[in-house]
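The values are calculated or read from the model by the stated rules, or taken from the named source; none is laboratory data. Everything quoted here is computed from the prediction, not taken from an experiment. Every residue, glycine as well, gets a Cβ built from its backbone with ideal geometry; the counts of neighbours run over all protein chains shown.
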Amino acid sequence: MQSVALHWHVYLITRSPLALGMVGLTRVIPVIVFSLWGGIVADREDRRKVMFAAQSAMALLSAALAGLTFAGRETLLALYALNALLSAASAFDNPARQALIARLVPAEDLPGALSLNLTMFQAALIIGPGLAGLLIAGHGAGIVPVTTHLAGAGAGQDTSTLALIYALNALSFLAVLFALMTMRTSGVVTAAGGTHEPPLAALRAGLRFVLTTPIMVWTMGVDFFATFFAGSMSLLPVFADQVLRVGAAGYGWLVAAPAVGALLGSVYTSVWPLPRRQGRVLLWSIAAYGVATVVYGLSRSYWLTLAALAGTGLADLVSTVVRQTLRQLLTPDHLRGRMTSVNMIFFMGGPQLGEMEAGLVASLFRTAVVGVTVSVVSGGLATILIAAAVAAAAPIVRRYEPPVTVLRG
């Protein structure tokens, strides 16, 4: 809900595709700067305590976002700054979170557990954006002339609904903190050899492990470039307003559509295991992601756009399950935080930098409709070419199969 509100908020202030792309840039820079250190912390400290601290910081930042908006004191710079700080907190939260997952279930149940975890995540991505869009549309935070917003979003525009969404997000962290307090799984990390390495040595060890594992390098790389070129979700406010003309409510469901496809895929993969030749599944799913992105860019039908976006979510989910399972199975427990932190640069850097790239390309054209269309379609075509290039150049990806013991599970 907060992500939808923040993008709509920026669009209300600027009506600019480039400004929307900057949301992704302000989100990815802290990830690049802090995620490796977040991985070191996750492999040295109690992972539950690391998550608790990061989640507490995110709750306070969401509350600050709500307070500024309720007071009518928010500016574009303030929105970007709080977005960056939230991303910095997530750079410490995510490595600790991902490193805990493999401790919760036996190895043979890990693929199904990851799929169920993604199922809950995708369900939230369906309900949250849809509800946010309905709230925004029902309480007047719609589109008004850009000239009324040069001094800030509060000028001539009721943003109290956006503030309410930010406040609800801040309150929701209480449930997360309660879950962490009552979790029975230990978050304490046992160091290899009994003692933790110095921070810089630990950083080098994590990077060495990832960079000397070819299948991991290839899958992280293909994920980065595919999501970089096809990462265009930040342009959805423009599609909703100027291309499809469905307003805030329609925008909310457009944002939720990829999660619908991903939810269907996660339910399927949690019950029925993927085929043995998962390298081919990975490459075909990336190509399908590109095809669905092209359809989304060309569509002028609301329902076809919803279907295409759902297709991107389904394809991305299949790819994610293969990549997450592969990484968890190959990584020793004492390195999982650092492995996740390196991966964060790729799986968050790709789509967030892609949003910036998409906004920049769209801003080069005289009209927004032409700009966003060219940006999205060209990105989808580039993703298809990337999948084909990796299939030809990297037999290790094309031929990848998980261990037999995991398939039997």
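Against the test of being in a helix (DSSP H, G or I), modelled with pLDDT under 90, within 18 Å of Ala292 (Cβ to Cβ) and among the aliphatic types (A, V, I, L, M), the options Ala358, Ala382 yield a single qualifying residue, Ala358. Applying the condition of being of a type in the set (Ser, Thr, Tyr) and in a loop (DSSP other than H, G, I, E, B) to the stretch 283-307 and asking which residue is surrounded by the most Cβ atoms within 10 Å (Cβ to Cβ) yields Ser299. When the residues of the stretch 98-114 are filtered to those that are within 26 Å of Val255 (Cα to Cα) and buried (at least 21 other Cβ atoms within 10 Å of the Cβ), the one that is farthest from the chain's Cα centre (by Cα) is Leu114. Check whether at least one residue in the stretch 236-255 is acidic (Asp, Glu) and over 22 Å from the mean Cα position of the chain (by Cα), and report yes or no. Scanning the stretch 236-255, I find at least one residue that is acidic (Asp, Glu) and over 22 Å from the mean Cα position of the chain (by Cα), so the answer is yes. Residues of the stretch 115-143 that are at pLDDT below 75 and either surrounded by 15 or more Cβ atoms within 10 Å (Cβ to Cβ) or farther than 18 Å from Ala240 by Cα (or both): Ser115, Leu118, Gln122, His139, Ala141, Gly142, Ile143. Here Val238 passes the criteria (1) closer than 20 Å to Gln352 by Cβ; (2) out of contact with any Pro (no Cβ under 8 Å at 6 or more places or on another chain) except the one numbered (2). Any chance the stretch 31-53 includes a residue that's modelled with pLDDT under 90, surrounded by 23 or more Cβ atoms within 10 Å (Cβ to Cβ), polar (S, T, N, Q) and part of a helix (DSSP H, G or I)? Scanning the stretch 31-53 turns up at least one residue that is modelled with pLDDT under 90, surrounded by 23 or more Cβ atoms within 10 Å (Cβ to Cβ), polar (S, T, N, Q) and part of a helix (DSSP H, G or I). In a residue-by-residue description of the stretch 56-78, the property of being under 18 Å from Met183 (Cα atoms) and either of a type in the set (Gly, Ala, Ser) or in contact with a helix residue (DSSP H, G or I) (Cβ under 8 Å, 6 or more places away or on another chain) (or both) applies to at least one position. Annotation: of all residues in the stretch 395-409 being under 14 Å from Arg323 (Cβ atoms) and not in a helix (DSSP H, G or I), the one that is modelled with the lowest pLDDT is Pro402.
Consider Asn94 against the criteria (1) at pLDDT 80 or above; (2) not in a helix (DSSP H, G or I): it satisfies all of them except one. Which criterion is unmet? Asn94 satisfies all of (1) at pLDDT 80 or above; (2) not in a helix (DSSP H, G or I) except (2). Restricting the search to helices (runs of 4 or more DSSP H) fully inside the stretch 175-282 and requiring at least 3 residues that are crowded, with 24+ Cβ neighbours inside 10 Å gives 214-230, 247-271.
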